[in-house]
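Here the structure comes first, spelled out in structure tokens, and everything after it is commentary.
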Amino acid sequence: MRKRTIFSLIVLMVCFSLGSSRVSAQSAGAPVGIFEAHGDVGTVLHAGSVNYDASKRTYNISGSGENMWLAADAFQFVWKKVSGDVTFTADAGFLTTTGNEHKKAVLMLRQTLDGDSVYADVALHASGLTSLQFRDEKGAVTREVQSNLSGPKRLRIAKRGDYVYMSLSADGGEPKVAGGWLRIPLQGSFYVGIGVCSHDKDVVEQAVFSNVELSQPAAASGQPTLYSTLETIAIDSADRRVAYLSQGRFEAPNWTRDGSAFLFNRDGHLERLAVGSDKPVTIDTGFANRCNNDHGISPDASQLAISDNSQGDKESQVYIVPIGGGAPRRITQTSPSYWHGWSPDGKTLAFVGQRNGDFDIYAIPAAGGEETRLTTAKGLDDGPEYSPDGKYIYFNSERTGHMQIWRMKPDGSEQEPVFSDDLNNWFPHISPDGQWMVFLTYQVDVAGHPENKDVMLRLMSLSDKKITVLAKLFGGQGTINVPSWSPDSKELAFVSYLLVP
């Protein structure tokens, strides 16, 4: 009889323990300030807590957890359920500077309280790194867009329709748009809140959130504000980092041969931005003041090919100017012509020309001379670029009914598809080491290469033809029209866009 009683007590204790764990993860405690509840999400060794000071309206949150990354999160979360558009803003900081430099204080939107839920957050790390982190599918790997502002005081995450973005302020003033505009599928009601992860499963860390504001804006009217973001992405980790952000449109980055700067076009001009700077400088291109997004740097880094619409019939022509700026030297004689590639020996340019109603790929001496037609297939051929060894020209062609990636010998012979799928693929760019090809992918129902679309940057290993998704973003026209690899083949530059209501 005594054994049965002990066994029953053990069963009750186990059931109570399991029940308590679930309560902790789902809906611990009474309302806390503007939030409904709090609890630990995921597996933690030390329970978190929250202390709300009503007089100061501050939230002191203690949290453990190994990380908020990959496919599983572990952290203390203080939350409220909402639906629709939200703007969520707070000052955030850590009580101590000790501990793991990647401990996180976050403002978060989360579909469920499962450890592998769809979510987006603005995460302040102890090191000062601040990122828009996101998991766009349940169980998927977390990705991030790193801000170029270190250690901001005030953070904001905003949801508008299907998209989220981050805004930051260094001094605690009104946050400014800092990047993002990512499609995160938060359906129906979802959780909004603040959280802390110690990034060390054996440790509890604390952060304080103050001046917390949660609002749900009315439907926007009028035209949204466009922002352009120059980003870099590491191909081994797929980590994205904001290099430069500005209101309005700029396009098509080149990464200089020495890795020290980016070039891009804006308002008909070419601009140079030193890496780490936020102050681009206009490049003198003389009379060529209607430059479009087809431009690139010579192999010896001494010259810049541009495509400009300012002269004659106002259709695009290809010119060469000194890399530091100067008088344009006209290369093509027939318009429209759009530069896209430079042979590794520097002697030949590849460009797209419209002749008699057909867009085809042409080659022409960089010193000037007669153009040579390389493609004759019906349908648009575009984006020609030489491989670093000079053995091939890669390009995109719609000759099979939709846009796919092809390649050919430099004389136009042996034209063949690189791969084939049901999507629309544009602008192949081969890494300087010849190992990788990145390209822009639109969905199957998108014709041409329009701006302001949900697109992907995809990466192919040329050794085994394996394709992976490098990034999902809002962009298209202007994102990677021209070569933009870093000289060491480890990173890529591109432009993403935001349309903030």
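The values are calculated or read from the model by the stated rules, or taken from the named source; none is laboratory data. This is a predicted model, so every value here is computed, not measured. Here Cβ is always computed from backbone atoms with ideal geometry, including for glycine, and neighbour counts include all displayed protein chains.
Couple of notes before you dig in:
- For Glu213: the one exception among (1) within 30 Å of Ser64 (Cβ to Cβ); (2) surrounded by 15 or more Cβ atoms within 10 Å (Cβ to Cβ): (2)
- Among residues that are surrounded by fewer than 20 Cβ atoms within 10 Å (Cβ to Cβ), touching a residue at least 60 places away in the same chain (Cβ under 8 Å) and of a type in the set (A, V, I, L, M), Val82 is included.
- Selection status of Phe419, closer than 25 Å to Thr372 by Cβ, free of Cβ contacts under 8 Å to residues at least 60 places away in the same chain and hydrophobic (A, V, I, L, M, F, W, C): no
- Region 362-376 - residue that is within 21 Å of Met403 (Cα to Cα) and without any contact (Cβ under 8 Å) to a residue 40 or more places away in the chain and, of those, surrounded by the most Cβ atoms within 10 Å (Cβ to Cβ): Tyr362
- Restricting region 37-53 to residues that are among the aliphatic types (A, V, I, L, M) and assigned to a strand (DSSP E or B), the residue that is surrounded by the fewest Cβ atoms within 10 Å (Cβ to Cβ): Ala37
- Among residues of region 267-290, those that are surrounded by fewer than 20 Cβ atoms within 10 Å (Cβ to Cβ), in contact with an Asp or Glu (Cβ under 7 Å, 6 or more places away or on another chain), in contact (Cβ under 8 Å) with a residue 12 or more places away in the chain and assigned to a strand (DSSP E or B), counted: 1
- Looking across region 146-179 at every residue that is in a loop (DSSP other than H, G, I, E, B) and among the hydrophobic types (A, V, I, L, M, F, W, C), the one that is farthest from Thr87 (Cα to Cα) is identified as Leu149.
- Those residues of region 449-484 which are crowded, with 23+ Cβ neighbours inside 10 Å and either over 14 Å from the mean Cα position of the chain (by Cα) or not assigned by TED's automatic domain parsing to the domain that holds Arg240 (or both), in sequence order: Asn481, Val482, Pro483, Ser484
- Filter result (within 34 Å of the chain's Cα centre (by Cα) and not hydroxyl-bearing (Ser, Thr, Tyr)) within region 329-346: Pro336, Trp339, His340, Gly341, Trp342, Pro344, Asp345, Gly346
- Lys103 fulfils the conditions (1) without any contact (Cβ under 8 Å) to a residue 40 or more places away in the chain; (2) of a type in the set (Lys, Arg); (3) farther than 26 Å from Leu473 by Cβ except for a single criterion, (1).
- Enumeration of residues in region 197-214 that are in a strand (DSSP E or B), at negative phi and either outside the structural domain of Val122 (by TED's automatic domain parsing) or not small (Gly, Ala, Ser) (or both): Cys197, Glu205, Gln206, Val208, Phe209, Val212, Glu213, Leu214
- Residue count for region 54-88 satisfying the condition of being under 30 Å from Ala218 (Cα atoms) and either among the β-branched types (Val, Ile, Thr) or assigned to a strand (DSSP E or B) (or both): 12.
- Residues in region 291-346 that are touching a Lys or Arg at 6+ places or on another chain (Cβ under 7 Å), within 14 Å of Asn254 (Cα to Cα) and not in a loop (DSSP other than H, G, I, E, B): Ile297 alone.
- Of the residues making up region 99-114, those that are of a type in the set (Lys, Arg) and part of a loop (DSSP other than H, G, I, E, B) number 1.
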